[in-house]
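Inspection log for the structure reproduced underneath, given as structure tokens.
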Amino acid sequence: MPNIQPKITPIYQTSVFKFEDLDAVQQYFDEPGSRYLYSRNGNPNSDELAAAVNHWEGGAGAVATGSGMAAIFAALMTYCQAGDHVLCAADIYGGSAALLNLELSRLGITVSYVPFEELYDLQAHVQATTRLLLCETMSNPLLRVVDLRAAADECHRHGIKLVVDNTFATPVLTKPLAFGADLVLHSVTKYLAGHSDVTAGAVVAAMPEDVARLKQIGTIFGLTLSPMESWLSVRGLKTMRLRVAAHSQNAQLIAEFLERHPAVEAVYYPGLLAHPQHALATVQGRGLFGGMMSMRLADDAAAVNRFMQRSQRFPFAPSLAGVDSSCSHPLYTSHRALTDAQRAELGITVGLVRLSIGIEPVEELLADLAQALE
């Protein structure tokens, strides 16, 4: 048989790998990483994705997981056990809040929410059992930008870890580990894979001992990613730099258009000069601001419905970051799990619409928004 050297890693669509004899099995356990046993423990495709995301984030190692939620769970379990306490930024993705409120509480892990303005002064929030602070580089859906260096310094001053969800920003804009974060996670489903055809996640650690713990958690809980999803994610990752630049360029023009539109009460986008963290976002994002934004229309469900029904280029789809634009409604979808009080405090009302800006010709997107907002 000829010696075939493929340019692209093949898809190892197998649940298990063969061994020649007992000595070969023993080698697997004596020399971790020397070969493969079972795809829940490791697979060339999922390992390739983990290595690629780790390279982007500049970590000591990474694991690929079956979803972004699995990545959040793995990150939290790296540091937490029964009796521990977690701090979480108040304006966090609703799925993260649901995991903390509904499931980790059953494991004996408690949570407190920290208002955005208090992320850099945790004295009133830290307890003896506090293990970590969970936040997002850019919050979902209000696009508040966290000063990662200040947050990391404050966490470490109190002896706790900083875990950052970098899904909105991507490592093209910001690499949280470089600012002092201990773990960084992604919903690979979004910008890293980029084409709305994959469900995946990843966690990257700054320290080797945390990498080992992440791999243990992934294997034992069965959080690992399938070969096909891994292969598709690696393929998408190769164009991430170009895609994120195009997303950002389109989003900047659209945010400026919406900021001037009489039907729009507010626009939340770090690229706007009026954004409270614009200067910080400029530095942390290296001049790019990403493809996500939210706009506030009148708090009138009928008006929001008319916008969604009229738009041809922004279909209502409760996800984000594909090459095609879309819109979502945090109150009805991503942040439904928050309490009424939490949503009211954050300003997540019926008029708030989240936009994921794609890479289509921007003049087509602008024309569609103009007619949909009439």
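The values are calculated or read from the model by the stated rules, or taken from the named source; none is laboratory data. Because the structure is predicted, anything quoted here is derived from the model rather than measured. Cβ placement follows ideal geometry from the backbone for every residue including glycine, while neighbour counts extend to all protein chains displayed. Heavy atoms of the whole protein, side chains included, go into the accessibility calculation; ligands, DNA and RNA do not. Shrake-Rupley method; radii C 1.70, N 1.55, O 1.52, S 1.80 Å.
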Next item on the list: Project the alpha carbons of region 1-106 onto their principal axes and report the range along each, largest first, in whole Å.
Entry: 59, 33, 24
Next item on the list: With a probe of 1.4 Å, find how much accessible area the chain has per residue, and write the answer as a whole number in Å².
Entry: 43 Å²
Checklist line | FRET efficiency estimate (nearest 0.05) - Cβ-Cβ, T110 to Y332, R0 35 angstrom | finding: 0.80
Check: Can you give the translational diffusion coefficient of region 34-156 in µm²/s, computed by Stokes-Einstein from the Kirkwood radius over Cα pairs at 25 °C and 0.890 mPa s?
Finding: 153 µm²/s
Checklist line | Accessible-area composition of region 245-286, carbon plus sulfur, in percent [1.4 Å probe] | finding: 61 percent
Margin query: Using a 1.4 Å probe on the protein heavy atoms, what percent of the accessible area of region 1-90 belongs to carbon and sulfur?
Written below: 55 percent
Next item on the list: Quickly estimate the mean residue ellipticity at 222 nm for the chain, helices only: each DSSP H run with n ≥ 4 gives -39500 (n - 2.57), and the total goes over all residues, rounded to 500.
Entry: -10500 deg cm²/dmol
Check: What length, rounded to one decimal in nm, is gained on full extension from H261 through to E374, with 0.36 nm per residue of separation minus their alpha-carbon distance?
Finding: 39.7 nm
Next item on the list: Determine the gain in length on full extension of the stretch K238-S319; use 0.36 nm per residue of separation and subtract their C-alpha separation, reporting nm with one decimal.
Entry: 27.0 nm
Item checked: Rg/Rg_ref, region 160-239, where Rg_ref = 2.2 N^0.38 Å and atoms are Cα -> 1.11
Note to self: If you average the alpha carbon positions of region 89-103 and of region 34-71, how far apart do those two centres end up, in angstrom?
What the structure shows: 24 Å
Next item on the list: With an 8 Å cut-off on Cα pairs and a minimum separation of 6 or more residues, tell me the relative contact order of the chain in percent.
Entry: 18 percent
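Which shape class, rounded, prolate or oblate, goes with the chain when its Cα gyration tensor gives a ≥ b ≥ c as root eigenvalues, a/c under 1.5 marks rounded, and past that a/b bigger than b/c marks prolate?
Note, shape of the chain comes out oblate.
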Check: Taking a quarter of the surface of the Cα convex hull of region 276-357, what do you get in nm²?
Finding: 6.3 nm²
Item checked: Selected from E48, E20, E103 as most flexible by GNM, with the chain as the system and alpha-carbon contacts under 10 Å -> E20
Item checked: Relative packing of 164-174, 313-323, 327-337, which averages over residues the other C-beta atoms within 10 Å, highest first -> 164-174, 327-337, 313-323
Margin query: Show me the three semi-axes of the equivalent ellipsoid for region 94-236, from the C-alpha gyration tensor (sqrt of 5 times each eigenvalue), largest first, rounded to whole Å.
Written below: 26, 18, 15
Note to self: If R₀ is 51 angstrom, what is the calculated FRET efficiency for the pair Y38 and L253, using the beta carbon separation as r and rounding to 0.05?
What the structure shows: 0.55
Note to self: Please state the shape class of region 223-374: rounded when a/c is under 1.5, otherwise prolate if a/b exceeds b/c and oblate if not, all from the C-alpha gyration tensor.
What the structure shows: rounded
Item checked: Sequence ranges 297-308, 63-74, 246-257, ranked by mean other-Cβ count within 10 angstrom, highest first -> 63-74, 246-257, 297-308
Notebook entry, point to check: Considering the chain as a Gaussian network with a 10 Å cut-off on Cα pairs, which listed residue, G236, G290, G222, attains the greatest mean-square fluctuation?
Noted result: G222
Note to self: Set the bar at 28 Å for Cα to Cα. Now go through K175/K238; K7/K161; K190/K215; K18/K190 and name every pair that lies beyond it.
What the structure shows: K7/K161; K18/K190
Checklist line | Residue with peak Gaussian network fluctuation, the chain [Cα springs, cutoff 10 Å], from L225, L346, L177 | finding: L346
Notebook entry, point to check: Helix 148-157 versus the longest principal axis of the chain: what angle, 0 to 90°, nearest 10, using Cα atoms?
Noted result: 60 degrees
Note to self: Can you tell me the length gained on complete extension of the stretch S15 to Q312, counting 0.36 nm per residue apart and subtracting the Cα distance?
What the structure shows: 102.7 nm
